[in-house]
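K.L.:
Would you mind keeping the following structure in view while I ask a few things?
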Amino acid sequence: MKQTMPHAAPTARPFTLIHTSDWHLGHELHGHVRESEHDAFLDWLLDRISAVEADALLVTGDIYDVANPPISAMRRLFGFLQRAVTRFPELEILILGGNHDSAARIDLPAALLGEGRVHFIGALPRREGQPDFARMILPLHDRSGVPAACLAAVPFCRPGDLGGLDLASLYRAVLEEASERAEGLPVVLTGHLHVAGGAVSDLSERRIVVGGEEAQAASLFDARATYVALGHLHRAQDIKADTRVRYAGSPFPLSATERAYRHSISVVTLGPDGCAVEEVAIPRPVEFLSVGPAPLPEVVRALEALSFDPEIPSEFYPFLNIEVSVEGPEPHLTSRVLMTLEGQPVRLLGIRPVRPQSERPGEAGDRSTLDLADLRPDTVFAALHARDYGGAAPPNELASAFAALVVDAGLCEGDD
Ligand SMILES: [Mn+2]
């Protein structure tokens, strides 16, 4: 039997948590639903919880793809939680709000569940305008019911949530309070934000602000937290900091630019000497294929050479992204490609004409080559500002306000 201080007993099993993030339930890729991929991931995740005998599961935000997700997405989350608590009644679960989530929607089931083992933290808990530490700093129990870690759950914070604080002061206050309340137990801190130093995909790198917030410095976190579990960036990665800071990444590619990522969950063990992270790769049920950029005849040959499994169910048809190098207008490009693919078990994401010296989409330049789908609200805003104000870029404050507006309007998409 475990003693009252299991973390200090040499024979005790280390506290094990699974960190995963950015599920984006309800996501569609160019009109193709991802439900079967989510189901495959969630089934696999339940088996991993069992295999590693996890004490806790942290899902660090962007649970849903949009603030107003379809009922099917909510049913998927609740179905998963129901299976998880039935199979693992001692498992502690955190469902954290991200910038894509409606904080109120994430918080809603909390009232129903009370102080159980499933914690929903959508909005930053506040009391009389100030952060309510009692509701965001919680003990995490191991499977035998003994408090083994201290969770400081900070969700995605909109500027209005902070009650006059900035993010750095909020994190400072949370860390101070958590290390006090932890009474020697390891502190696990969460966040859903963009921390500088994190690699972002091509689509995100050009943004001035990400997710309505300027990128934050990694110095936000220090060694008072044994592990910092982050969400927002879709590529699994460590962030260089004074303690272990990690993005778990999303469970599968949410855009064509994410197809080369290694998607994984992070299995974190907390011991008296800190933490250890094991990255466990998630099997990818749907292939992401890419052809080009190459001239049309080469693209057609490459498409003809693709071999597909005719038995594959339609919801697992591979995704295919095509880029064709063009010198000028190619009126038959789309029909030629579609003809080649006719009847093939594949889901087309796009056929993009690429000019030899064309600039990257979304940047000022030859706008005639831009695809509507590639235009980003912030780059359009910057271009309009430059047109109307003598070529000047929008000042930071204005750009931030616009980005916050885009997030609130639910128009934010891409890598986070
Ligand atoms: Mn996000």
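The values are calculated or read from the model by the stated rules, or taken from the named source; none is laboratory data. No experiment lies behind these values; they were computed from the predicted model shown. Backbone-built Cβ (ideal geometry, glycine too); neighbour counts: all protein chains shown.
K.L.:
When the residues of the stretch 50-69 are filtered to those that are assigned to a loop (DSSP other than H, G, I, E, B) and of a type in the set (V, I, T), which remaining residue is farthest from F120 (Cα to Cα)?
P.N.:
Quick first cut of the stretch 50-69, residues assigned to a loop (DSSP other than H, G, I, E, B) only: 52-55, 60-63, 65-69.
With the extra rule that they be of a type in the set (V, I, T), the set shrinks to 52, 60, 63, 66.
Working: V52: 23, T60: 11, I63: 11, V66: 17 Å.
Ranking the candidates gives V52 first.
K.L.:
Here's something else I'd like to know. Please tell me if E92 is away from the ligand (no atom under 16 Å from the Cβ), surrounded by 15 or more Cβ atoms within 10 Å (Cβ to Cβ), over 18 Å from I63 (Cβ atoms) and modelled with pLDDT of 95 or more.
P.N.:
On the way: away from the ligand (no atom under 16 Å from the Cβ): yes; surrounded by 15 or more Cβ atoms within 10 Å (Cβ to Cβ): yes; over 18 Å from I63 (Cβ atoms): no; modelled with pLDDT of 95 or more: yes.
No, not satisfied.
K.L.:
Then there's this: Criterion first (within 16 Å of the ligand (Cβ to nearest atom), outside any loop (DSSP other than H, G, I, E, B) and basic (K, R)) does R75 satisfy it?
P.N.:
no
K.L.:
Filter the stretch 251-266 down to the residues that are of a type in the set (S, T, Y) and closer than 23 Å to V33 by Cα, then identify the one that is nearest to the ligand (Cβ to nearest atom). Before the answer, list the steps.
P.N.:
Here is the first cut: in the stretch 251-266, the ones of a type in the set (S, T, Y) are 255, 257, 261, 264, 266.
Pick out the ones that are also closer than 23 Å to V33 by Cα and you get 255, 257, 261, 264.
Working: S255: 13, T257: 15, Y261: 15, S264: 18 Å.
Ranking the qualifying residues of the stretch 251-266, first place goes to S255.
K.L.:
Answer with yes or no whether L320 is under 21 Å from E28 (Cβ atoms) and touching a residue at least 40 places away in the same chain (Cβ under 8 Å). Lay out the reasoning, then the answer.
P.N.:
On the way: under 21 Å from E28 (Cβ atoms): yes; touching a residue at least 40 places away in the same chain (Cβ under 8 Å): no.
So L320 fails the test.
K.L.:
Do we have A103 as in the same structural domain as L165 (by TED's automatic domain parsing), within 16 Å of the ligand (Cβ to nearest atom), more than 25 Å from F15 (Cβ to Cβ) and in contact with a Gly (Cβ under 6 Å, 6 or more places away or on another chain) here? Quick ask: steps written out before the conclusion?
P.N.:
Details: in the same structural domain as L165 (by TED's automatic domain parsing): yes; within 16 Å of the ligand (Cβ to nearest atom): yes; more than 25 Å from F15 (Cβ to Cβ): yes; in contact with a Gly (Cβ under 6 Å, 6 or more places away or on another chain): yes.
Yes; evaluated as a whole, the condition is true for this residue.
K.L.:
Considering only residues of the stretch 288-318 that are within 19 Å of S255 (Cβ to Cβ) and among the small types (G, A, S), which is modelled with the highest pLDDT?
P.N.:
First pass over the stretch 288-318, keeping only residues within 19 Å of S255 (Cβ to Cβ): 288-293, 315-318.
Right, trim to among the small types (G, A, S) and you get 290, 292.
Numbers: S290: 93, G292: 88.
Looking at residues that are within 19 Å of S255 (Cβ to Cβ) and among the small types (G, A, S), I get S290.
K.L.:
Looking only at the stretch 310-337, how many residues end up being part of a loop (DSSP other than H, G, I, E, B) and surrounded by fewer than 14 Cβ atoms within 10 Å (Cβ to Cβ)?
P.N.:
So in the stretch 310-337, the residues part of a loop (DSSP other than H, G, I, E, B) come out as 310-313, 317-318, 326-332.
Next, only the ones that are surrounded by fewer than 14 Cβ atoms within 10 Å (Cβ to Cβ) stay: 310-311, 313, 327-329, 331-332.
So the count comes out to 8.
K.L.:
Go through the residues of the stretch 53-66 one by one and say whether even a single one is out of contact with any Gly (no Cβ under 9 Å at 6 or more places or on another chain) and on the phi > 0 side of the Ramachandran plot.
P.N.:
Yes, there is a match, as at least one residue in the stretch 53-66 is out of contact with any Gly (no Cβ under 9 Å at 6 or more places or on another chain) and on the phi > 0 side of the Ramachandran plot.
K.L.:
So in the stretch 192-217, with the set limited to residues that are assigned to a loop (DSSP other than H, G, I, E, B) and away from the ligand (no atom under 16 Å from the Cβ), which one is modelled with the highest pLDDT?
P.N.:
Among those that are assigned to a loop (DSSP other than H, G, I, E, B) and away from the ligand (no atom under 16 Å from the Cβ), it is A217.
K.L.:
Which numbered condition in (1) within 16 Å of the ligand (Cβ to nearest atom); (2) part of a helix (DSSP H, G or I) is the only one that D47 fails?
P.N.:
All conditions pass for D47, except number (1).
K.L.:
Could you give me the residue pairs with C-beta distances under 7 Å whose first residue belongs to the stretch 21-50 and is in contact (Cβ under 8 Å) with a residue 60 or more places away in the chain and under 21 Å from P313 (Cβ atoms), whose second residue is hydroxyl-bearing (S, T, Y) and surrounded by fewer than 17 Cβ atoms within 10 Å (Cβ to Cβ) wherever it lies, and which are 6+ apart or on separate chains?
P.N.:
So the pair list comes out as E35/S72.
K.L.:
Hey, among the residues in the stretch 226-244 that are surrounded by 24 or more Cβ atoms within 10 Å (Cβ to Cβ) and part of a strand (DSSP E or B), which one's farthest from the ligand (Cβ to nearest atom)?
P.N.:
Y227
Conditions tested, residue by residue: (1) within 16 Å of the ligand (Cβ to nearest atom); (2) at pLDDT below 95; (3) part of a loop (DSSP other than H, G, I, E, B).
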residue	(1), (2), (3)
R246	yes, no, no
G249	yes, no, yes
V268	no, no, no
R284	no, yes, yes
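K.L.:
Name the residues in the stretch 82-103 that are within 16 Å of A229 (Cα to Cα) and under 18 Å from the mean Cα position of the chain (by Cα), would you? Show your work before the answer.
P.N.:
Just the residues of the stretch 82-103 that are within 16 Å of A229 (Cα to Cα), to begin with: 92-99.
I93, L94, I95, L96, G97, G98, N99 - these are the residues of the stretch 82-103 that are within 16 Å of A229 (Cα to Cα) and under 18 Å from the mean Cα position of the chain (by Cα).
K.L.:
Any idea which of (1) at pLDDT below 95; (2) within 28 Å of R76 (Cβ to Cβ) is the one L42 doesn't satisfy?
P.N.:
It fails just one condition, (1).
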